[in-house]
């Protein structure tokens, strides 16, 4: 890992492999590649400071296995969109608590303006904060907040 860079993993939960194609009226038309474009074009300083990896899985166990591997690999931060597991997965919330990797939870849509079940969040209590409702830009804002936090704890 080059000095001065943070190792950050972006984790996407179920149905998020088709960001930009699935329900564009709710989730937007930009795919995950737009996140990299925004970082390189509009946030080059941020892009230069992070080593970014991405992971997406539809299965809860696969996501938990990857988070535990991130802990073993000493990943320094996470940006996570648990998808529907946000509202249903105690197991995912428990995993995020025990691995204790600083993370920001993000959502493409404003989950609090949607169906009642989506207002329940079982994963946010473990996060530094939640950014929701800005489409793919939620990820960029989440990365900025995470790097700000990591810089702060380095001091």
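The values are calculated or read from the model by the stated rules, or taken from the named source; none is laboratory data. Nothing here was measured: the structure is a model prediction, and the numbers come from that model. Cβ placement follows ideal geometry from the backbone for every residue including glycine, while neighbour counts extend to all protein chains displayed.
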Being out of contact with any strand residue (DSSP E or B) (no Cβ under 7 Å at 6 or more places or on another chain) and either crowded, with 17+ Cβ neighbours inside 10 Å or in a helix (DSSP H, G or I) (or both) is the filter; apply it to segment 15-31 and report the residue that is modelled with the lowest pLDDT. 26
Segment 110-131, residues that are at pLDDT below 95 and under 21 Å from residue 37 (Cβ atoms): none
